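Before any comments, here is the structure.
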Amino acid sequence: SIFDNDSRIIFVDNELSFKEALKKSSYKDYFMDMFAGDFGHCSPLGNRLIAQNAAKAIIKEYFKK
């Protein structure tokens, strides 16, 4: 992969977070459509979930070492 040797890149897997969120709320709360079949473009709440996951990853990788 082109990212293998670049330690500045942080990968964030949002799948589990969305699965957990969808157990408590509806699909339409997190997505505006079904663009890719089983997921779509995020609503503001879905975007917030992604942003929170990214922030947690950045804090973990860069500030808690």
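Residue count for the stretch 30-50 satisfying the condition of being under 15 Å from the mean Cα position of the chain (by Cα) and surrounded by 11 or more Cβ atoms within 10 Å (Cβ to Cβ): 13. Among the residues of the stretch 1-24, which ones are among the small types (G, A, S) and in contact (Cβ under 8 Å) with a residue 12 or more places away in the chain? If the condition is that a residue be among the small types (G, A, S) and in contact (Cβ under 8 Å) with a residue 12 or more places away in the chain, then S17, A21 are the ones that fit. For residues that are part of a helix (DSSP H, G or I) and open to solvent by 100 Å² or more (accessible area, probe 1.4 Å), scanning just the stretch 1-29, find the one that is farthest from I58 (Cα to Cα). Only one residue fits best here, namely K28. Look at the stretch 44-60: where a residue is under 12 Å from V12 (Cα atoms) and a partner is in a helix (DSSP H, G or I) and open to solvent by less than 80 Å² (accessible area, probe 1.4 Å), sitting 6+ places away or on another chain with Cβ atoms under 7 Å, you get L49/S17; L49/F18; L49/A21; L49/Y30; N53/S17. For E61, the test of being among the charged types (D, E, K, R), modelled with pLDDT of 95 or more and more than 11 Å from the chain's Cα centre (by Cα) is failed.
Restricting the stretch 51-65 to residues that are of a type outside the set (A, V, I, L, M, F, W, C) and in a helix (DSSP H, G or I) leaves a set whose member that is least open to solvent (accessible area, probe 1.4 Å) is N53.
The values are calculated or read from the model by the stated rules, or taken from the named source; none is laboratory data. Everything quoted here is computed from the prediction, not taken from an experiment. Methodologically, a virtual Cβ is constructed for each residue, glycine included, from the backbone with ideal geometry; neighbour enumeration extends over all protein chains shown. For accessibility, only protein heavy atoms count, side chains too; no ligands or nucleic acids. Shrake-Rupley method; radii C 1.70, N 1.55, O 1.52, S 1.80 Å.
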